[in-house]
Amino acid sequence: MDEYISFYSSDFLYNAGIVGFIKLLETVQAIEDEDYIYGGNVFKVKKEFFLNTNLAQAYIDTCIEKFAISSAYTRLLGENVEKIKMLTDKYVEAEDKSIKKDLDEEYKKLLDTAGLTRASYITACAILKDKNINLDLKAECKNIKAIKDYGEKYQEVLKLQKKLQDNSCRETFLMKDIMYSRINSIWSGKSFLNRANAKKDIKEIYYSDFIEPVIKYLKAPPKEKKSSRHCIVCDAVMSKPIDISFLNDSADDMSRKKSAFWNCKPDAQLCPLCAFIYSMSPLGFTAMQRNMMFVNDNADIEGMKSINDELDASSELESNIEGTIGWMRIWNKIVQNILKSKQKALRNIQVVVREKDTEKYNFNIIAKDILELLEKSLKYIGYIGNNFIKTPSGISVNIQDEVLKNIFRRTDLYTMMNKILNYAIRENIQVEFLDNVLQIQHMIVGGKKMEQNCVTQDDITSIKAAGKQLRSFSIVDKNGMNADEDGKLRGYAYKLLGALRVNDQEKFWQIVARMYLSYGKAIPETDIFLKAFKNEDNFKQLGYAYILGLKDNHKVEKNIKQEISAE
């Protein structure tokens, strides 16, 4: 019998499981290069260590260490209780009605079904009861609600907080949060995430479903027979196959639907070791608000672990005032770590995001050319800032996210700019960040071809200045243009955007010529206008730059808004 159990990198979930298992080994202070070894695409764990370690408890401890900071339990007993204390102190001193209203709202958040009386916490009380810890959370919260004196009410909250912070309570409540907010994003329907096991001890049920089968498998490995079935991941012989469908989006329930398999005989099954590794997958992902992110690299487990460790460290720090993740810094961390890798030019890196709202995986492949583009453009994506735009259906879309999606999909940014400019003209708002979007598009085009007649950055600056100059012709006095002139320019801009959208160069320049004639001005004598006729990319870059110049006037926009509000 070999001294070590070997695991080889495979699909992204299996690799996340390997990274998660290494994190667990670090939590229990296993000794690297003795208890476990990893390098290249191989990860090994000492069998003796595996068999003699309480892996079920280690799993729970690692989950709590990694995800507790973003849990509802931490927020409710920390931030919410602190806010209640602050408001109680103010109310006792002043007895102001507005403070009382805020205080009642905070108690509602803490004690209602979205707070401490949520369904998962009630089942947690049932688990604790089997451990001889009697906690009736519903009754406790009901009693606190009934207290009229806010000083006494707060003292009862502190007593409840102390009970809930007992080690057994803390572990159980935190795991209830983590299993429903993090783990079930990756796998579900098995072990403690099986509904039938909701009131069973979390550690015991995890041990019986994932660890005990491994121990039995290692102590008595099944022998090859003619009728033997093999693991779909490692090809090992299986005595009792484990259904892979507990992994979200992997396969239908094979006990109910077998028609998808040849001759109705399911073969997407796992050996106990691979099922155990997959159960570790959530520990390999990084929590990003409600979503989960993992950077996958099949060729280098060490590099993959390093990038994801950096991602973990960054995600804890990168939140702004509104509580949104600083995605640009996160992406910058990923890119910088890939750039440090000696093999960065030899392979593609996969960035996987599990989106909680859609319950789907979003895959982004960072190939060599995408990596080079990101390296140059992340600065400009950062300059875009945390800007949102509303779609016709009323959904707010983050501009930075959309730019990144287009880069990963190898799609140009012209369609996005057209939609944003249409929205900006309709709503009469400034969109200076589009200068950065256009700069990134210029980089995308520059990466494709470097012809003699291609647009330069100086060309873009010059034609934007020409658009801005034309706008200045419509200003009638120091207070800006009147509503008629503004409407006229908006009408022109709409028509120009329409021509750009369908790539109608002739119509675009006819409109430009008509604009200059309407103001009695000559079209600027410059070769830049002629350059637009060389190819489609030239036309669109210069066209959008011209419209950005035509729209660029803070003072005018502000005055128009003041006039409208005054009416």
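The values are calculated or read from the model by the stated rules, or taken from the named source; none is laboratory data. Note that the structure is predicted; figures quoted are calculated from it, not measured. Cβ sites come from the backbone with ideal geometry, for glycine too, and all protein chains shown count toward neighbours. Only protein heavy atoms, including side chains, enter the accessible area calculation; ligands, DNA and RNA are left aside. Shrake-Rupley method; radii C 1.70, N 1.55, O 1.52, S 1.80 Å.
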Subset of the stretch 149-161 (residues that are open to solvent by 30 Å² or more (accessible area, probe 1.4 Å) and closer than 13 Å to LEU137 by Cα): GLU156, LYS159, GLN161
Residue within the stretch 128-150 that is farther than 24 Å from PHE192 by Cβ and within 33 Å of the chain's Cα centre (by Cα) present: no
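Is at least one residue of the stretch 71-82 under 28 Å from the mean Cα position of the chain (by Cα) and not in a helix (DSSP H, G or I)? Break it down into steps so the answer makes sense when it comes.
As a first pass, look at the stretch 71-82 and keep what is under 28 Å from the mean Cα position of the chain (by Cα): 71-80.
Filter once more, so that each one left must be not in a helix (DSSP H, G or I): 71.
Yes, some residue in the stretch 71-82 is under 28 Å from the mean Cα position of the chain (by Cα) and not in a helix (DSSP H, G or I).
Only residues that are β-branched (Val, Ile, Thr) and open to solvent by less than 40 Å² (accessible area, probe 1.4 Å): list them for the stretch 343-391, please. Before you say what the answer is, go through the steps one by one.
Taking the stretch 343-391 first, the residues β-branched (Val, Ile, Thr) are 349, 351-353, 358, 365-366, 370, 381, 384, 389, 391.
Within the stretch 343-391, ILE349, VAL351, VAL352, VAL353, ILE366, ILE370, ILE381, ILE384, ILE389 qualify.
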Evaluation of ASP89 against (1) in the same structural domain as ASP177 (by the TED database); (2) at pLDDT 95 or above; (3) in a helix (DSSP H, G or I) (one fails), failing number: (2)
Residue match in the stretch 217-225 (condition: within 30 Å of the chain's Cα centre (by Cα), open to solvent by 50 Å² or more (accessible area, probe 1.4 Å) and not assigned by the TED database to the domain that holds LYS360): no
Only one of ASP96, ASP11, ASP61, ASP112 that is of a type in the set (Asp, Glu) and more than 31 Å from the chain's Cα centre (by Cα): ASP96
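Residues of the stretch 514-534 being open to solvent by 30 Å² or more (accessible area, probe 1.4 Å) and either of a type in the set (S, T, N, Q) or in a helix (DSSP H, G or I) (or both), which ones? Steps first, please.
Restricting attention to the stretch 514-534, the residues satisfying the condition of being open to solvent by 30 Å² or more (accessible area, probe 1.4 Å) are 514, 517-527, 530-531, 533-534.
Answer for the stretch 514-534, where residues must be open to solvent by 30 Å² or more (accessible area, probe 1.4 Å) and either of a type in the set (S, T, N, Q) or in a helix (DSSP H, G or I) (or both): ARG514, LEU517, SER518, THR526, ASP527, LEU530, LYS531.
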Where LYS101 falls short, out of the listed (1) open to solvent by 70 Å² or more (accessible area, probe 1.4 Å); (2) farther than 16 Å from LEU87 by Cα: (2)
Residues of the stretch 162-190 that turn out to be open to solvent by 10 Å² or more (accessible area, probe 1.4 Å) and not in a helix (DSSP H, G or I), as a count: 5
